[in-house]
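J.: Supplied in structure tokens, the structure appears directly below.
The values are calculated or read from the model by the stated rules, or taken from the named source; none is laboratory data. Please read these numbers as outputs of a predicted model, since none were measured by experiment. Note that we place each Cβ from the backbone using ideal geometry, even for glycine, and neighbour counts take in every protein chain shown. Heavy atoms of the whole protein, side chains included, go into the accessibility calculation; ligands, DNA and RNA do not. Shrake-Rupley method; radii C 1.70, N 1.55, O 1.52, S 1.80 Å.
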Amino acid sequence: MMNLRNDLLEFTGNYFQTTKETIAIAESVTAGFLQFSFSQIKDASTFFKGGITAYTLEEKVRFLKVDRKEAEENDCVSQNIADTMALNVTDLFHTDWGIAITGYATPVEESEHRLFAYFSFVYKNKTVFSHKMNLNSRKEAINAQMCYSEFILECLKVEMEKQLTMKEKEN
């Protein structure tokens, strides 16, 4: 079903094992694919604290403290909502890192029939990366979800490499 690059998963696992940091994930559009990916990493239970798939507005508001009015205005899909989800999932699970994603895996009227997602990384209570990813609107939903997931892991690797470089400079 899902075929993420092993080098991304291995790098991610090594990073968290080495730094002794932790991570949690808040998903919407990827519906658990990111959490599944982390569960496949060797010794994931030592750093992956868990996640939440908040697929509806109600769950995003209740569990991830997304502003209801803002969520209603943009169908729960905006960069600010992704940032809020990432920040609050770190609080919910008491982790160093948080990842969040919200968007569209099928072309619907609310998205003007386009596929896109916003995602965000929080590190130590600070948003360190926010991005919007666009996909071809003819992509099947499951393929869109996998594309989002792999791209997020690639971006996470870059952010983790930045953190490693910063730590090396401090020492």
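J.: Which of (1) open to solvent by 20 Å² or more (accessible area, probe 1.4 Å); (2) within 14 Å of the chain's Cα centre (by Cα) does residue 94 not meet, given it meets every other one?
T.: Every listed condition holds for residue 94 apart from (2).
J.: So residue 127 fits all but one of (1) closer than 19 Å to residue 30 by Cα; (2) in a strand (DSSP E or B); what number is the exception?
T.: With respect to (1) closer than 19 Å to residue 30 by Cα; (2) in a strand (DSSP E or B), residue 127 is out only on (1).
J.: Could you list all residues from segment 128-150 that are of a type outside the set (A, V, I, L, M, F, W, C) and either out of contact with any Ser or Thr (no Cβ under 6 Å at 6 or more places or on another chain) or surrounded by fewer than 17 Cβ atoms within 10 Å (Cβ to Cβ) (or both)? Explain how you work it out, then say what you get.
T.: Going residue by residue through segment 128-150, those that are of a type outside the set (A, V, I, L, M, F, W, C) are 130-132, 134, 136-140, 143, 145, 148-150.
Matches in segment 128-150: 130, 131, 132, 134, 136, 137, 138, 139, 140, 143, 150.
Table: residues versus (1) of a type in the set (D, E, K, R); (2) in contact (Cβ under 8 Å) with a residue 12 or more places away in the chain; (3) under 15 Å from residue 22 (Cα atoms); (4) out of contact with any strand residue (DSSP E or B) (no Cβ under 8 Å at 6 or more places or on another chain).
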{"site": "48", "(1), (2), (3), (4)": "no, yes, yes, no"}
{"site": "65", "(1), (2), (3), (4)": "yes, yes, no, yes"}
{"site": "70", "(1), (2), (3), (4)": "yes, no, no, yes"}
{"site": "83", "(1), (2), (3), (4)": "yes, yes, no, no"}
{"site": "94", "(1), (2), (3), (4)": "no, yes, yes, no"}
{"site": "112", "(1), (2), (3), (4)": "yes, no, no, yes"}
{"site": "115", "(1), (2), (3), (4)": "no, yes, no, no"}
{"site": "122", "(1), (2), (3), (4)": "no, yes, yes, no"}
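J.: Moving on to the next point. If you take just the helices (runs of 4 or more DSSP H) that sit entirely in segment 1-94, which of them hold at least 1 residues that are more than 22 Å from residue 154 (Cβ to Cβ)?
T.: Once the helices (runs of 4 or more DSSP H) in segment 1-94 are filtered for at least 1 residues that are more than 22 Å from residue 154 (Cβ to Cβ), what remains is 57-64, 68-73, 79-93.
J.: Another question, if that's okay. Which residue pairs have Cβ atoms under 7 Å apart, sit 6 or more places apart or on different chains, and have a first residue in segment 150-171 that is more than 20 Å from residue 22 (Cβ to Cβ) and a second that is part of a helix (DSSP H, G or I) and of a type in the set (A, V, I, L, M)?
T.: 154/8
J.: Looking at this structure, is residue 118 aromatic (Phe, Trp, Tyr), at pLDDT 95 or above and more than 10 Å from the chain's Cα centre (by Cα)?
T.: So residue 118 does not fit the description; no.
J.: Quick one: is residue 100 outside any strand (DSSP E or B) and in contact (Cβ under 8 Å) with a residue 24 or more places away in the chain?
T.: no
J.: Among the numbered criteria (1) buried (at least 23 other Cβ atoms within 10 Å of the Cβ); (2) at pLDDT 95 or above, which single criterion is violated by residue 70?
T.: With (1) buried (at least 23 other Cβ atoms within 10 Å of the Cβ); (2) at pLDDT 95 or above applied to residue 70, the lone miss is (1).
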